[in-house]
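J.: Take a look at the following structure, please.
What follows draws every value from the coordinates through simple rules; no lab data is involved. If you're wondering where the values come from, they're calculated on a predicted model, not measured in any experiment. Reconstructed Cβ throughout: ideal geometry from the backbone, glycine too, with neighbour counts over all protein chains shown.
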2 protein chains.
Amino acid sequence: MSNAKVLPLLAPEVAAEPCCPPLDERPLSAEEAERAAKMFKALGDPVRLRLFSAVASHEGGEACVCDISDVGVSQPTVSHHLKKLKEAGLLSSERRGTWVYYRVEPAVIAAMGQLLTRAAAA
Amino acid sequence: MSNAKVLPLLAPEVAAEPCCPPLDERPLSAEEAERAAKMFKALGDPVRLRLFSAVASHEGGEACVCDISDVGVSQPTVSHHLKKLKEAGLLSSERRGTWVYYRVEPAVIAAMGQLLTRAAAA
């Protein structure tokens, strides 16, 4: 339990998920758009975005609910939003003793970043 | 009208909108999260995402409705979604003769990309 800190934020075995090309490379197919829209939708709520940012910026890229509940909503609402983020693949979770710890899924963030990276900057 | 092509995709006078820091830098404030969530929400729908991608990948980074209507929904639905993308600041539009042309707002895309760029890669 106390060795949680040795987990690297960007685990080398995590391959970047090849969801979709940059949005300006070619029109997305219906299937690609379904997948990518799910990820964007998960971050399309201010409370979820704050919770995600709280986890992502927490020491070691992970946090327990006890660390990130100061976003002005009730504990059940926090749990609800964390569950949505998990379902979208943006967070993973692990129970350790009393608390559930949430971690950012770096491959998914990389995939989203790639969508917004312009194919050519000029 | 025929000089539309000389408009650069990334106009140099467009400054990157300083919305928010990368999501893993520090927890977003409520105000930052409100702004950023709006942008993510706009892309959180598969049809909107396909339309956005169709505009972004079209020649010159702009397209008229006549170019991008093959996403399997009715013309009024296309117009509705394009309006939502405009309201979120992701597209701008301009009427030229019969058609309305849509363009990607590079500063907004840059701001979204920045949110998903990891502050430190290791």
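J.: Based on the Cβ-Cβ distance of A:E34 and B:R26, what FRET efficiency does E = 1/(1 + (r/R0)^6) give at R0 = 51 Å, to the nearest 0.05?
T.: So the FRET efficiency works out to roughly 0.95.
J.: Give the average, rounded to an integer, of partner chain Cβ atoms located within 10 angstrom of each Cβ in B:75-82.
T.: 0
J.: Please grab the % of Cα pairs in the range A:30-121 that end up more than 17 Å from each other.
T.: The proportion of pairs with Cα distances above 17 Å equals 49 percent.
J.: Go through B:53-64, B:75-86 and give me the packing order, highest mean Cβ count within 10 Å leading.
T.: Result, highest mean Cβ count within 10 Å first: B:53-64, B:75-86.
J.: Which ³J(HN,Hα) values in Hz, rounded to whole numbers, follow from the phi angles of the range B:40-50 under the Karplus curve 6.51 cos²θ - 1.76 cosθ + 1.60, where θ = phi - 60° and Gly and Pro get x?
T.: Running phi through 6.51 cos²θ - 1.76 cosθ + 1.60 with θ = phi - 60° gives 5, 4, 4, 8, x, 10, x, 5, 4, 5, 5 Hz.
J.: Further, regarding this structure: Once phi is turned into θ = phi - 60°, what whole-Hz ³J(HN,Hα) does the Karplus curve with 6.51, -1.76 and 1.60 give for every residue of the range B:100-116, x standing for Gly and Pro?
T.: With the stated coefficients, the range B:100-116 comes to 9, 9, 10, 10, 6, 8, x, 5, 6, 5, 4, 5, 5, x, 4, 4, 9 Hz.
J.: Of the cross-linked pairs A:K83/B:K84; B:K38/B:K83; A:K84/B:K83; A:K84/B:K86, which ones have a Cα-Cα span greater than 20 Å in the structure shown?
T.: Beyond 20 Å between Cα atoms: A:K83/B:K84; A:K84/B:K83; A:K84/B:K86.
J.: Shortest first and in nm to one decimal, what separations exist between B:K86 and its copies in the other chains, measuring from label points 7 Å along the Cα-to-beta-carbon line?
T.: 4.2
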